[in-house]
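This report concerns only the one structure given below.
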Amino acid sequence: MLICESNVIEDYLAESDEVDLSHLSIREKASEILAKSANEEEFVRQSYEFVRDEISHSWDIQSPRITRKASEVLYFKEGICYAKSNLLCALLRSGGIPAGFCYQRLTLGDTPDTGYCIHALNAVFLRPHQKWIRLDSRGNKAGVNAAFSVHEEKLAFPVRESYHETDYPQIYSQPHPKTIKALIQHTDCMTMCLHGLPAEL
C-alpha cells in the first residue's frame, strides 16, 4: 500500500528547485510528448519511456558528471536515479499529471556485505484509473527490465527482504533531502555512487 505524504493533490503538481517544470526545455519536451499522445495514460507511458531509455544512467556510462535539476538532466541526457526521477516528475507535472517520489533501500552491490543505498523512483496518479502507480526510470540493462504497467508493478529491482532491503511506502511530493544532499555535496559521480549515497531514509 502506497501512502501519500500529502493529502493535497496540488502538492504533487508543484515546482521546486529540482523539479523546475517551468523551464523552457522541460515545457517544450512535455509539449512534444503530449502532441504524440492520444490520452493521459499514453502521455505518462511515453514520458516514462523517454526518461528510461533516452537519459543514460551515469553509472552505466561511467560518467563523472553529477546532474540534479530536471532541466540539467534533460540537457546533458544523463543522471543517476535521483536525477532521472526529478526529470520524469517535472515532465509529468508540466503535462498536468500528479507525480511524486518513492524510495527503496537496496544493497549497493549484489549482496549485503557491500552495504546499502537508497534508490529513487516515481509514483504517478492516473486519473482514468483513480490510482497511484510506481514507475522506475533508472534505465534497463542486463538483469534490469522495468516497464510501464497499470495493473502489475514492473520495477527495476524487486526488494529482497532476506537481504534486509526495504520498500518505503511513502509518496513524497518533493525529492527526499538526503538524496539532494548527496547530489550537492559531491563533485564526482562515480565516487558518489560508491561512497556517498545515503544508506537509509
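The values are calculated or read from the model by the stated rules, or taken from the named source; none is laboratory data. Just so it is clear, the structure is predicted and the values come from calculations on it, not from any experiment. No Cβ is skipped: glycine too gets one built from the backbone with ideal geometry, and neighbour counts run over all protein chains shown. Please note that ligands, DNA and RNA were not included when accessible areas were found on the heavy atoms of the full protein model with its side chains. Shrake-Rupley method; radii C 1.70, N 1.55, O 1.52, S 1.80 Å.
Taking segment 53-104 as the range and being surrounded by 23 or more Cβ atoms within 10 Å (Cβ to Cβ) and β-branched (V, I, T) as the test, the residues that pass are I66, T67, V73, I80. Among the residues of segment 105-124, the ones that are within 18 Å of Y172 (Cβ to Cβ), of a type in the set (A, V, I, L, M, F, W, C) and either open to solvent by 50 Å² or more (accessible area, probe 1.4 Å) or touching a helix residue (DSSP H, G or I) at 6+ places or on another chain (Cβ under 7 Å) (or both) come to 4 in all.
Reported count of residues in segment 164-179, each being within 18 Å of L197 (Cβ to Cβ) and surrounded by fewer than 14 Cβ atoms within 10 Å (Cβ to Cβ), is 2.
Rundown of residues vs (1) more than 15 Å from Y12 (Cα to Cα); (2) modelled with pLDDT under 95; (3) among the hydrophobic types (A, V, I, L, M, F, W, C); (4) assigned to a loop (DSSP other than H, G, I, E, B), yes/no style:
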position	(1), (2), (3), (4)
S85	no, no, no, no
C89	no, no, yes, no
R93	no, no, no, no
G109	yes, yes, no, yes
H119	yes, no, no, no
F125	no, no, yes, no
I133	no, no, yes, no
A147	yes, no, yes, yes
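Of the numbered criteria (1) more than 18 Å from the chain's Cα centre (by Cα); (2) part of a helix (DSSP H, G or I), the one A38 fails is (2). Consider segment 1-29. How many of its residues are open to solvent by 80 Å² or more (accessible area, probe 1.4 Å), closer than 22 Å to P169 by Cβ and of a type in the set (A, V, I, L, M, F, W, C)? Matching residues across segment 1-29 total 2.
Considering F50, F76, F43, the condition of being under 22 Å from S173 (Cβ atoms) and either in contact with a Ser or Thr (Cβ under 9 Å, 6 or more places away or on another chain) or at pLDDT below 95 (or both) is satisfied by F43 alone.
Summed over segment 180-201, the residues that are assigned to a loop (DSSP other than H, G, I, E, B), of a type outside the set (G, A, S) and within 19 Å of the chain's Cα centre (by Cα) give a count of 4.
Tell me which residues, restricted to segment 38-57, are in contact with a Gly (Cβ under 6 Å, 6 or more places away or on another chain) and more than 20 Å from I97 (Cα to Cα). H57, the sole residue that qualifies. Pairs linking a residue in segment 82-94 that is over 9 Å from I26 (Cβ atoms) to a residue that is part of a helix (DSSP H, G or I) and of a type in the set (V, I, T), with Cβ atoms under 7 Å and 6 or more positions apart or on different chains, are Y82/T179; A83/V73; K84/V51; K84/V73; N86/V73; L88/V51; L92/V44. Only one of the listed residues (P169, P158, P177) is of a type outside the set (F, W, Y) and closer than 19 Å to T114 by Cβ. That residue is P158.
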